[in-house]
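The values are calculated or read from the model by the stated rules, or taken from the named source; none is laboratory data. Computed from a prediction, not measured in an experiment: that's the story for all the values here. All Cβ positions, glycine included, derive from the backbone under ideal geometry; neighbour counts span all protein chains shown. Just so you know, the surface numbers come from the protein's heavy atoms only, side chains and all, with ligands and any DNA or RNA stripped out. Shrake-Rupley method; radii C 1.70, N 1.55, O 1.52, S 1.80 Å.
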Amino acid sequence: MNLTVNGKSATIEAQGNVSVLQLLDLLNVSQKEYVTVELNGDILDRESFAASPVQDGDTVEFLYFMGGGAL
Amino acid sequence: MGNLGQSLKLDTLLVHGGSAPGPSGATKPPIVQASAFAYDTAEELEDIFRGRAVGQVYTRIGNPTLESLEKRLTVVEDGISTILTASGMAAITTAVMAIVRAGDEILSSSSLFGGTYSLFKDTLGNFGVKTRFVDPTDLDALAAGISAATRLIFVESIGNPKMDVPDLAAIAAIAKQHGIPLLVDATVSTPYLARAKYLGADVVIHSTSKYINGTANSIGGAIVDCGTFNWQSEKFPHFEPYFKKYRNFAFSARVRKLIHKDLGACAAPFNAFLNGEGLETLALRMERHCANALKLATFLKGHEKVGWVNYPGLPDSPYFAVANRQFNGRFGGLLTFGLKDRASAFRVINALKLAKNLANIGDTKTLVIHPASTICADYTAEVKALMGVSEELVRVSTGIEDAEDIIADFAAALDQL
Ligand SMILES: Cc1ncc(COP(=O)(O)O)c(C=O)c1O
């Protein structure tokens, strides 16, 4: 499955459906407990990570509030 | 090794919770005494500033040593995120200024640490934020104190130095009914007496300088976001951009990315390290602080020269029932007692040999102070009365020495009257 992750193309090997929650593991996203996920332009509620499927061609952004300056 | 979850008991979480191994398997976090953090490429630093990647930038905003204690406090308090600050006052200032704007109101307990009182009354008052001070044990007065402009309720879990104990769950219900967050300064109760979140706090504040540090070697503060408040509200339009982007982290994001960054009251890495050292032994020390305070309170209560004793652990205290219920039979290390007048209070303080006369609480050493002439000296008689500070009052922060020696010290000093 090909995705655009934080502006870069990424390919993940996965059989069957992949949820946002699983994607965090597959991509080894750091500090999972603090990450916000934007899927195709929509910010997801943390509770819906497990129920949100990721599909070929999706655009995913991972966002953290802990870093630098600008909002 | 995996992450340690919430199934563990508090005493275990204080030692292990949220800890990650340091370099070479070190059982301590490294003290990263650095101001800034370098990246190989401009793109990497851009990603961090945009929030696309995690990484340290500058110690005013974050630092690995600070982050270590932030994660541990988050686990201990069962919150979603913690921000360390330079002091307890910095934590209160930062948390409150993240929420209120000019024209807004704070509904605060009138039983407050003096610095918090003057922050609300004078410092924030001068910026157009009005505070209504209400007896926190009077629920009707609290409910009546809420106006359309109120944006938060602020209470101390145990009032310093009034020693009153508000019913936090009942106050949380009032806050919820009005769609405003409850901020609890839990410095005196510490997580050992209760996790304030479980009593209804939305934001928990600590002066880590006190019991968490435990040996009075560094100042610090912490803001714990419990993740329980819904910031998507017409009362909080200034949270909208943070809610849109960070959802339940809206408060933490606004604090970290705006208010804390701009006020700049960051913790020093070495202080954060020392405060983290203290956290490990909090339960053990608090057990002794509580036991010694109860013994000293009971002794003072029975002493002919002592007019009154205010300790929520005394069964005839008006706060015993609430404290006993919400703190599970523990009542903390702080107490106050009354002598005849200021002169007799001074004589007893001057005659104490073990107990130190100084402006602090939560040390291993027993500490005393005469608040009316020191930490509360600037306040009018009316404000002193509101805070429960009278001329004959002595505050004691009971240490962890042998209780018999503490009692003997007070007994000998009282003999001087
Ligand atoms: C209840 C309480 N809150 C806040 C503070 C302020 O903390 P700090 O001295 O770390 O600024 C103190 C004591 O100083 C305190 O006793």
- Message: Yes or no: region B:352-369 includes at least one residue that is out of contact with any Lys or Arg (no Cβ under 7 Å at 6 or more places or on another chain), of a type outside the set (A, V, I, L, M, F, W, C), closer than 17 Å to residue B:162 by Cβ and modelled with pLDDT of 95 or more.
- Response: no
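Is it the case, given these coordinates, that residue B:147 is in the same structural domain as residue B:237 (by TED's automatic domain parsing) and under 22 Å from the mean Cα position of the chain (by Cα)? So that I can check it myself, show each step before the final result.
Values: in the same structural domain as residue B:237 (by TED's automatic domain parsing): yes; under 22 Å from the mean Cα position of the chain (by Cα): no.
When the stated conditions are applied, residue B:147 does not pass them.
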- Item | region B:210-219, residues that are within 14 Å of the ligand (Cβ to nearest atom), open to solvent by 10 Å² or more (accessible area, probe 1.4 Å) and under 15 Å from residue B:397 (Cβ atoms) | B:210, B:216
- If you scan region B:80-100, which residues turn out to be near the ligand (Cβ under 9 Å from one of its atoms) and either in a helix (DSSP H, G or I) or within 14 Å of another protein chain (Cβ to nearest Cβ) (or both)? B:88, B:89, B:90, B:91, B:92
- Item | region B:275-314: number of residues that are outside any helix (DSSP H, G or I) and in contact (Cβ under 8 Å) with a residue 12 or more places away in the chain | 12
- Query: Can you tell me which residues in region B:367-381 are in contact (Cβ under 8 Å) with a residue 60 or more places away in the chain and either open to solvent by less than 10 Å² (accessible area, probe 1.4 Å) or closer than 20 Å to residue B:298 by Cα (or both)?
  - Reply: B:371, B:376
- Task: Identify, by number, the condition in (1) open to solvent by less than 60 Å² (accessible area, probe 1.4 Å); (2) more than 9 Å from chain A (Cβ to nearest Cβ); (3) assigned to a helix (DSSP H, G or I) that residue B:29 doesn't meet.
- Result: (3)
- Query: Restricting attention to region A:15-42, which residues are at pLDDT 90 or above, over 12 Å from residue A:58 (Cα atoms) and part of a loop (DSSP other than H, G, I, E, B)?
  - Reply: A:27, A:28, A:29, A:35
- Message: If residue A:28 meets every condition in (1) under 23 Å from residue B:37 (Cβ atoms); (2) more than 9 Å from chain B (Cβ to nearest Cβ); (3) open to solvent by less than 80 Å² (accessible area, probe 1.4 Å) apart from one, which number is that one?
- Response: (3)
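I'd like to know if region A:37-50 contains one or more residues that are hydrophobic (A, V, I, L, M, F, W, C), in contact with a strand residue (DSSP E or B) (Cβ under 7 Å, 6 or more places away or on another chain) and loosely packed, with under 15 Cβ neighbours inside 10 Å.
Pass one, region A:37-50, residues hydrophobic (A, V, I, L, M, F, W, C): A:37, A:39, A:43-44, A:49-50.
From what is left, the residues that are in contact with a strand residue (DSSP E or B) (Cβ under 7 Å, 6 or more places away or on another chain) are A:37, A:39, A:43-44, A:49-50.
Those left that are additionally loosely packed, with under 15 Cβ neighbours inside 10 Å: A:50.
The answer is yes, given that some residue of region A:37-50 is hydrophobic (A, V, I, L, M, F, W, C), in contact with a strand residue (DSSP E or B) (Cβ under 7 Å, 6 or more places away or on another chain) and loosely packed, with under 15 Cβ neighbours inside 10 Å.
Going through region B:60-79 one residue at a time, which ones are more than 12 Å from every other protein chain (Cβ to nearest Cβ) and either touching a Pro at 6+ places or on another chain (Cβ under 7 Å) or of a type in the set (Phe, Trp, Tyr) (or both)? Even if it seems obvious, please write down each step before you answer.
At the first step, the residues of region B:60-79 found to be more than 12 Å from every other protein chain (Cβ to nearest Cβ) are B:65, B:68-69, B:72-73, B:76-78.
Scanning region B:60-79 gives B:65, B:68, B:76, B:77.
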- Item | Lone qualifier among B:73, B:14 - being part of a helix (DSSP H, G or I) and within 16 Å of the ligand (Cβ to nearest atom) | B:73
- Considering only region B:106-208, give the strands (runs of 3 or more DSSP E) lying wholly within it that have at least 1 residues that are touching a helix residue (DSSP H, G or I) at 6+ places or on another chain (Cβ under 6 Å), away from the ligand (no atom under 16 Å from the Cβ) and open to solvent by 10 Å² or more (accessible area, probe 1.4 Å). B:130-134, B:150-156
- Item | Residues located in region B:220-268, provided they are open to solvent by 50 Å² or more (accessible area, probe 1.4 Å), within 14 Å of chain A (Cβ to nearest Cβ) and part of a loop (DSSP other than H, G, I, E, B) | B:228, B:230, B:232
- Could we say that residue B:301 is surrounded by fewer than 18 Cβ atoms within 10 Å (Cβ to Cβ), touching a strand residue (DSSP E or B) at 6+ places or on another chain (Cβ under 8 Å) and modelled with pLDDT of 95 or more here? yes
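So which of B:90, B:169 ends up being within 19 Å of residue B:188 (Cβ to Cβ) and in contact with a strand residue (DSSP E or B) (Cβ under 6 Å, 6 or more places away or on another chain)?
B:90
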- When region B:332-359 is checked residue by residue, the ones that are surrounded by 15 or more Cβ atoms within 10 Å (Cβ to Cβ) and either outside any helix (DSSP H, G or I) or on the phi > 0 side of the Ramachandran plot (or both) are B:332, B:333, B:334, B:335, B:336, B:337, B:338, B:339, B:352, B:354, B:355, B:356
